[in-house]
Amino acid sequence: MLYAQVRIINAPYHIDKAYTYHLPIELENKVQVGSVVVVPFGGANKQKNAVVTAITDKTDCKNTKPILGVP
């Protein structure tokens, strides 16, 4: 499984950091570093646009949410 580090677009300063999401198989060939993606964010899973800053096959995160798609 591949994981993507993303930064939420237009995030307020106090939440402006990298977040880890897993990349569904059907999106592996569509998403690359620099891609804009849609992710579920926060406890309410509100859909937010984010920029992919890194892609890796390893993560220390135990529970990751999936990237929902590419706008």
- Item | Residues located in the range 37-71, provided they are open to solvent by 60 Å² or more (accessible area, probe 1.4 Å), over 13 Å from Y3 (Cα atoms) and in a strand (DSSP E or B) | K46, Q47, K48, N49
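Just to be sure, is Q32 not in a strand (DSSP E or B) and not hydrophobic (A, V, I, L, M, F, W, C)?
yes
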- Message: Taking the condition of being among the aromatic types (F, W, Y), farther than 14 Å from I55 by Cβ and open to solvent by less than 40 Å² (accessible area, probe 1.4 Å), how many residues in the range 2-28 meet it?
- Response: 0
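The values are calculated or read from the model by the stated rules, or taken from the named source; none is laboratory data. Please read these numbers as outputs of a predicted model, since none were measured by experiment. As a convention, Cβ positions derive from the backbone with ideal geometry for all residues, glycine included, and neighbour counts pool all protein chains shown. Ligands, DNA and RNA are excluded from the accessible area calculation, which covers all protein heavy atoms including side chains. Shrake-Rupley method; radii C 1.70, N 1.55, O 1.52, S 1.80 Å.
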